[in-house]
Amino acid sequence: MRITHEADYAIRVAFCLAECGGKLGAKEISDQTGVTLRFALKILRKLIQAGMVRSYKGANGGYELAKEPTEISMGEIIECIDGTITINHCLCNEFACTRVESKNTCNFRKVFGSVNAMIRKELYSVTLDKFLDSQL
């Protein structure tokens, strides 16, 4: 399993806002994260839709976290961008396995499911505050 560049950048964008502790303009976010302005805006839209970021219009506009850094996890950000974390295609609901009669009896699927649950649990346990200097 590998997260996309977009999910990686989204974590960096969210961290940038957490580190700032207030509002930042899209250009500042782009400059501080090294993410192009266009891509940063795309990511910010997704984070807004997911309720993690708030936007403000006008001369004093910008972006800020909609929640505390302790309430936003890596798992939440990754799934906001990439969709549900799955380490194997057989774990997807739409997957039709031709090797077994029932997916529920497949030992491979059981093992993959268990590992997948552990990875998701770990990613959801890591919140943005863990990246802040005061937490290192």
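All of (1) surrounded by 11 or more Cβ atoms within 10 Å (Cβ to Cβ); (2) on the phi > 0 side of the Ramachandran plot hold for M74 with one exception: (2). For the structure I just gave you, tell me whether T86 is of a type in the set (S, T, Y), open to solvent by 40 Å² or more (accessible area, probe 1.4 Å) and more than 29 Å from L47 (Cβ to Cβ). Against the criterion (of a type in the set (S, T, Y), open to solvent by 40 Å² or more (accessible area, probe 1.4 Å) and more than 29 Å from L47 (Cβ to Cβ)), T86 does not qualify. Note on the range 28-47: residues that are closer than 22 Å to L132 by Cβ and part of a helix (DSSP H, G or I) total 10.
T98 meets all of the listed conditions (1) on the phi < 0 side of the Ramachandran plot; (2) at pLDDT 95 or above; (3) of a type outside the set (A, V, I, L, M); (4) surrounded by fewer than 16 Cβ atoms within 10 Å (Cβ to Cβ) but one, namely (2).
The criterion of being modelled with pLDDT of 95 or more, at positive phi and open to solvent by less than 40 Å² (accessible area, probe 1.4 Å) holds for G62.
With respect to being open to solvent by 50 Å² or more (accessible area, probe 1.4 Å), part of a loop (DSSP other than H, G, I, E, B) and over 21 Å from E28 (Cβ atoms), N93 fits the description. Contact annotation: residue pairs with Cβ atoms under 7 Å, 6 or more positions apart or on different chains, pairing a residue in the range 61-90 that is closer than 17 Å to A7 by Cβ with a partner that is surrounded by fewer than 20 Cβ atoms within 10 Å (Cβ to Cβ) and among the acidic types (D, E), are I81/E6; I85/E79. Within the range 5-27, being surrounded by fewer than 16 Cβ atoms within 10 Å (Cβ to Cβ), more than 14 Å from the chain's Cα centre (by Cα) and in a helix (DSSP H, G or I) holds for E19, K27.
The values are calculated or read from the model by the stated rules, or taken from the named source; none is laboratory data. It should be emphasised that the depicted structure is a prediction, and the values quoted were computed from it without experimental measurement. Note that we place each Cβ from the backbone using ideal geometry, even for glycine, and neighbour counts take in every protein chain shown. We work out accessible area using only protein heavy atoms, side chains counted, and drop any ligands, DNA or RNA first. Shrake-Rupley method; radii C 1.70, N 1.55, O 1.52, S 1.80 Å.
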